[in-house]
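Asker: Provided herewith is a single structure, encoded as structure tokens, for subsequent inquiry.
Laboratory data are not the source of any read-out in this text; all were calculated from the coordinates shown. This one's a predicted model, so the numbers in the text were calculated from it and none came from an experiment. Cβ: placed from backbone, ideal geometry, glycine included. Neighbour counts: every protein chain shown.
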Amino acid sequence: MSDVREYKCPSCGAPMQFDIEAQCMVCSFCAGRYDLDYIRSHFNEVTDEKLSDFDWVERTKYVWEPDVLEQLAEYTCSSCGGNIITKNIISSARCPFCGHDVVISSNFDGDLRPDRVIPFSRSAEEFAEKYKEKIASAEYAPKEFSDPSVTDRIVGCYVPIWLYSFNCGTDVGTRGKVDFRIKDYPILGTDIKRDIFYSVAPFMYDDSEPFTESCLTGYFASRYSIGAEHAMEKADEEALGVCSARAAAIVGGDYIPGQMKTKSSVSHKELTYFLVPVWFLNVAYKGVDYTFAMNGQTGEFASPKVPLNYKSKLHFFMLFAFLEVLTLILSFMWLKMDSISVLGAIGITLFFVLFFATTPVFIVSMILHHFLSKKKVGGLKQGSEPNVASIAGFITQVR
Ligand SMILES: [Zn+2]
Ligand SMILES: [Zn+2]
């Protein structure tokens with residue numbers, strides 16, 4: 001079996017791509033349309049290599065747990081025979097010689113095969129619209145962000161995640177037992193932009209498809225690099241801590257770690273390996289990458305904290321200078337009322353303003369600038385980083 005798979009039109013042989021609007025594979029030449037079920041059977045994808053009773057939880061000890069990764073790997077294009085060189089965890093690529101998009105199917109074989117995929121249903125154009133709207137509302141955004149060519153760099157990525165559900169039972173000594181259920185907690189299967197990913201999550205996992213490689217054509221995709229065992233271990237640990245504290249609070253008021261004996265254990269683990277769609281846009285500014293993202297299924301948009309341009313600094317400086325001079329004049333006038341000499345008044349004023357008033361004036365300027373410039377920052381996030389969902393948000397008490 002070849003490592004690389006290209007989806008060619010069954011009637012004319014031209015390359016096909018997943019079409020977001022039509023939600024099926026469309027031929028780039030004859031516009032023929034083929035739904036994913038047809039593609040699955042026609043291309044005989046390797047679904048049967050994974051046993052039907054395959055269970056990630058049971059098999060974690062035996063399946064591939066990645067260690068040292070990120071080497072370069074070489075593949076042969078199935079159309080022109082050219083060499084495609086890419087990182088070994090990247091699962092889709094474009095042949096540099098013929099421009100055809102291929103899927104590196106060896107990254108989805110057997111135990112590496114995702115269970116389910118959520119195809120893109122929101123387009124890059126929608127993301128570009130949302131992005132432009134945000135930037136247009138912000139007069140203070142640096143021009144690197146409003147450059148019209150920026151949105152050409154939008155990329156669609158299938159991100160590997162583990163969807164983890166399990167029970168956590170907590171014994172609080174003689175005071176009883178509390179049971180919790182953790183449902184659909186997404187764990188990133190790769191090391192990419194954690195905060196950004198969690199700020200566009202969750203996805204509607206029920207609207208997913210049994211996995212097929214075909215819909216990855218033309219998008220970036222990578223296989224997991226954080227294995228099932230590792231993912232579960234971390235989540236279990238986190239859940240045990242949160243559940244112990246909650247159980248103690250439920251049965252006996254205040255929880256003081258170490259004071260109350262609680263014993264928690266996890267059970268009923270269910271783990272599903274998903275590829276989920278996310279649009280990304282990186283904007284480089286002064287050597288730093290700012291990543292915007294949109295959920296490719298729900299349209300949830302996330303922006304990073306964007307730096308402000310020189311106009312913002314200039315306005316702040318003008319405000320500060322104005323308030324400082326005002327303070328100088330006012331204190332001079334106030335001192336003059338005591339009818340001391342002009343020179344004496346100037347001296348005391350300078351001393352007072354420079355040594356005591358500058359810091360408060362600076363702080364007042366910052367507060368004023370923050371409120372006055374709110375409109376010029378527009379829809380851009382300032383001050384707070386995107387939310388990272390913690391496991392606490394996925395826990396419900398069952399009993
Ligand atoms: Zn065709
Ligand atoms: Zn090629």
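Asker: For the chain, find the longest principal axis of its Cα atoms and tell me its angle to the long axis of helix 358-372, 0 to 90°, nearest 10.
Answerer: 50 degrees
Asker: What is the magnitude of the charge dipole of the chain about its Cα centre, with +1 placed on the Cβ of each Lys and Arg, -1 on the Cβ of each Asp and Glu, and no other charges, expressed in debye to the nearest 20?
Answerer: 1700 debye
Asker: What dipole magnitude, in Debye to the nearest 20, does region 147-270 give about its Cα centre under +1 on Lys/Arg Cβ and -1 on Asp/Glu Cβ?
Answerer: For region 147-270, the charge dipole is close to 580 debye.
Asker: Oh, and also: With Cβ to Cβ distances under 11 Å as the rule, what net charge do the other residues near Ser208 carry (K, R +1; D, E -1)?
Answerer: That sum, taken over residues with Cβ under 11 Å, equals -3.
Asker: Within the chain, which is the longest segment containing none of the chymotrypsin sites (Phe, Trp or Tyr not before Pro) that sit in a DSSP loop and have at most 15 other Cβ atoms within 10 Å?
Answerer: Of all site-free stretches, the longest is 98-399.
Asker: Can you check what the net charge comes to around His369, using other residues whose Cβ is under 11 Å from the Cβ of His369 (Lys, Arg +1; Asp, Glu -1)?
Answerer: With Lys, Arg at +1 and Asp, Glu at -1, the neighbours total +3.
Asker: Can you give me the distance in nm between label points at Asp338 and Arg116, each placed 7 Å from the Cα along the Cα-to-Cβ direction?
Answerer: 7.7 nm
Asker: Related question: What spacing in nm lies between the two simple spin-label points modelled at Glu270 and Asp207, each 7 Å away from Cα in the Cβ direction?
Answerer: Each label point lies 7 Å from its Cα, and together they span 2.0 nm.
Asker: Tell me, what HN-Hα J-couplings in whole Hz come from the Karplus equation 6.51 cos²θ - 1.76 cosθ + 1.60 at θ = phi - 60° for each residue of region 131-147, using x for Gly and Pro?
Answerer: Residue by residue, region 131-147 yields 5, 5, 4, 4, 5, 5, 6, 10, 5, 8, 6, x, 5, 4, 7, 9, 4 Hz.
Asker: At 7 Å along the Cα-to-beta-carbon direction for both Glu139 and Met318, put a label point, then send me their distance in nm to one decimal.
Answerer: Here the modelled spin labels are 0.9 nm apart.
Asker: Along the charge dipole of the chain, Cβ charges K/R +1 and D/E -1, which of Ile39, Ala392, Val342 sits furthest on the positive end?
Answerer: Farthest towards the positive end: Val342.
Asker: Too long at a 23 Å Cα-Cα cut-off: which of Lys313/Lys374; Lys132/Lys374; Lys313/Lys336?
Answerer: From the list (Lys313/Lys374; Lys132/Lys374; Lys313/Lys336), the Cα-Cα distance tops 23 Å for Lys313/Lys336.
Asker: Continuing with the same structure: Exposed loop GluC sites (Glu not before Pro) only (DSSP loop, at most 12 other Cβ atoms within 10 Å): please give the longest stretch of the chain free of them, not including the sites.
Answerer: 71-399
Asker: Can you bin region 310-380 into rounded, prolate or oblate? Criterion: square roots of the alpha carbon gyration tensor eigenvalues sorted a ≥ b ≥ c, rounded for a/c under 1.5, prolate for a/b above b/c, oblate for the rest.
Answerer: Prolate.
Asker: While we're here: What residue among Leu330, Ala249, Ser222 has its Cα farthest toward the positive end of the dipole of the chain, where the charges are +1 on Lys, Arg and -1 on Asp, Glu, each on the Cβ?
Answerer: Positive-end residue among those listed: Leu330.
Asker: Convert each backbone phi in region 347-352 into a coupling constant with the Karplus relation 6.51 cos²θ - 1.76 cosθ + 1.60 (shift: θ = phi - 60°), then list the ³J(HN,Hα) values in order as whole Hz, x for Gly and Pro.
Answerer: Calculated HN-Hα couplings, in order: x, 5, 4, 4, 4, 4 Hz.
Asker: Report, in listed order, any pair from Lys286/Lys376; Lys183/Lys286; Lys130/Lys269 with a Cα-Cα distance greater than 30 Å.
Answerer: Going by Cα-Cα distance, Lys183/Lys286; Lys130/Lys269 fall outside the 30 Å limit.
Asker: What list of ³J(HN,Hα) values in whole Hz, one per residue of region 153-166 in order, does the Karplus curve 6.51 cos²θ - 1.76 cosθ + 1.60 (θ = phi - 60°) give from phi, with Gly and Pro shown as x?
Answerer: My calculation for region 153-166 gives 8, 5, 10, x, 10, 8, 9, x, 9, 9, 9, 10, 10, 6 Hz in order.
Asker: Can you give me the long-range amide H partners of Ser222? Hydrogens built in the peptide plane at 1.01 Å from N, cutoff under 5 Å, separation of 5 or more residues or another chain.
Answerer: Under 5 Å from the amide H of Ser222: Ser91, Tyr158.
Asker: Given R₀ = 22 Å, FRET efficiency for Leu326-Leu372 by Cβ-Cβ distance, to 0.05?
Answerer: 0.90
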